């Protein structure tokens, strides 16, 4: 083939491509390429399926051995808890519960005759000062509420509410005082110092 004829074919081919026409020879090649590609794809899928089947057989044999080993390990398994907790851990996890009957408060606050607003101020100040000076246990006498209107224990409820909400960060333990210190009319409080 001469240079001119090759160049002419190339130009003609480019013209066909530009205008969407493909020569028959090119279309035939394209069809052959598609067929070859389909054959290749099918062969690849068949090979991978065969490999998967052989792999799964090997896995099943391995799985049986593995299962036997697993079952024998389970039979010999020791289920006891071998973790050792230190004495410190035990102390942290137990709740502080003092012997209240023998408690001797180092400081006292008597709220008898105070309004609820004034009593709350006194309680906050008293607990703050005792915590600052590391004084514990303390006693807050609020009374049983027999002298208040409708016999509702306003100061008692106020003290209990404060100890359960704002004051809980300062307090290690609180309870009604023993009978000799006022019983249900007073609270004995161990501060967290």
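The values are calculated or read from the model by the stated rules, or taken from the named source; none is laboratory data. Quick caveat, the model's predicted, so the values are computed rather than measured. Methodologically, a virtual Cβ is constructed for each residue, glycine included, from the backbone with ideal geometry; neighbour enumeration extends over all protein chains shown.
Considering region 129-147 alone, what residues qualify as being surrounded by 19 or more Cβ atoms within 10 Å (Cβ to Cβ) and out of contact with any strand residue (DSSP E or B) (no Cβ under 7 Å at 6 or more places or on another chain)? The one that is surrounded by 19 or more Cβ atoms within 10 Å (Cβ to Cβ) and out of contact with any strand residue (DSSP E or B) (no Cβ under 7 Å at 6 or more places or on another chain): 143. The set of residues in region 137-156 being closer than 9 Å to residue 107 by Cβ and either assigned to a loop (DSSP other than H, G, I, E, B) or over 42 Å from the mean Cα position of the chain (by Cα) (or both) consists of 137 alone. Within region 165-176, no residue that is surrounded by fewer than 13 Cβ atoms within 10 Å (Cβ to Cβ) sits with its Cβ atom under 7 Å from a residue that is assigned to a strand (DSSP E or B) and at pLDDT below 90 at 6+ positions apart or across chains.
Flag: residue 101 matches the condition of being assigned by TED's automatic domain parsing to the domain that holds residue 166, loosely packed, with under 15 Cβ neighbours inside 10 Å and not in a loop (DSSP other than H, G, I, E, B). In this structure, is residue 172 in contact with a strand residue (DSSP E or B) (Cβ under 9 Å, 6 or more places away or on another chain) and part of a strand (DSSP E or B)? In short, yes.
Test residue 124 against the criterion of being modelled with pLDDT of 90 or more and within 38 Å of the chain's Cα centre (by Cα), and give yes or no. Yes; evaluated as a whole, the condition is true for this residue.
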